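First up is the structure itself, then whatever we jot down about it.
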Amino acid sequence: MKTSTEVQVPRFAARIIPLMGQKVDDLAKLRSLIRQAQEAERQLTAEIVNYLNSTGLAALHGTRALARLETRTVTTVDAARFFGLVGPSALETMSVSFGAARRLVGAATLEAIAERKAQCLLRVEEIVPVARISGADRGPSEEE
């Protein structure tokens, strides 16, 4: 069963309301900081893992933390064997990787059998002042 892909259009255009406008700016800044922190974490993790692997060490101490290489077991279920064991009711518990499915059957076929559901999300985009875009980031001119 296909669901509607229609997204409701907001009743009001974006407006600047001082208190909430500041909250929008704060949220944009926090999301930017999270992205920066995640990238820095990935880089530091790779450096430390590479160092531990190249030196043969299992752990490395800092003054406030300990980094330790551990092995984690990840369990996956063989989908064909699970379906064979349970039958069609297995489909209720399974999901499909969209990327892998697209490679197997093609985008058009996958689009034809896909089910769409509308989901609300809050997109926050930083506003770049026109002066910064045009390169006129020198402040107001004497004529203004």
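Kindly provide the set of residues from region 96-118 that are within 19 Å of the chain's Cα centre (by Cα) and either exposed (fewer than 10 other Cβ atoms within 10 Å of the Cβ) or within 22 Å of residue 80 (Cβ to Cβ) (or both), ordered by number.
Listed by number, the residues that qualify are 96, 97, 98, 99, 100, 117.
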Examine region 72-81 for a residue that is assigned to a helix (DSSP H, G or I) and either among the charged types (D, E, K, R) or surrounded by 10 or more Cβ atoms within 10 Å (Cβ to Cβ) (or both), and state whether such a residue exists. yes
Candidate set: region 22-75, residues that are under 30 Å from residue 126 (Cα atoms) and among the β-branched types (Val, Ile, Thr); chosen: the one nearest to the chain's Cα centre (by Cα): 34
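Find the residue count for region 94-112, including only residues that are over 24 Å from residue 77 (Cα atoms) and not in a loop (DSSP other than H, G, I, E, B).
Step one: list which residues in region 94-112 are over 24 Å from residue 77 (Cα atoms), which gives 106-109, 111-112.
Filter once more, keeping what is not in a loop (DSSP other than H, G, I, E, B): 107-109, 111-112.
Number satisfying all stated conditions: 5.
Table: residues versus (1) out of contact with any Lys or Arg (no Cβ under 9 Å at 6 or more places or on another chain); (2) at pLDDT 95 or above; (3) under 27 Å from residue 117 (Cα atoms); (4) of a type outside the set (Lys, Arg).
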residue	(1), (2), (3), (4)
6	yes, no, yes, yes
12	yes, no, yes, yes
17	yes, no, no, yes
21	no, no, no, yes
24	yes, no, yes, yes
37	yes, yes, no, yes
40	yes, yes, no, yes
43	yes, yes, no, yes
Among the residues of region 62-120, what is the count of those that are within 30 Å of residue 52 (Cα to Cα) and not hydroxyl-bearing (Ser, Thr, Tyr)? 10
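Would region 77-84 turn up any residue that is among the basic types (Lys, Arg), within 30 Å of residue 45 (Cβ to Cβ) and modelled with pLDDT of 90 or more? Step through it out loud before you land on a result.
Step one: list which residues in region 77-84 are among the basic types (Lys, Arg), which gives 81.
Then keep just the ones that are within 30 Å of residue 45 (Cβ to Cβ); that gives none.
Scanning region 77-84 turns up no residue that is among the basic types (Lys, Arg), within 30 Å of residue 45 (Cβ to Cβ) and modelled with pLDDT of 90 or more.
The values are calculated or read from the model by the stated rules, or taken from the named source; none is laboratory data. Just so you know, these numbers come straight off a predicted model, no measurement behind them. Cβ sites come from the backbone with ideal geometry, for glycine too, and all protein chains shown count toward neighbours.
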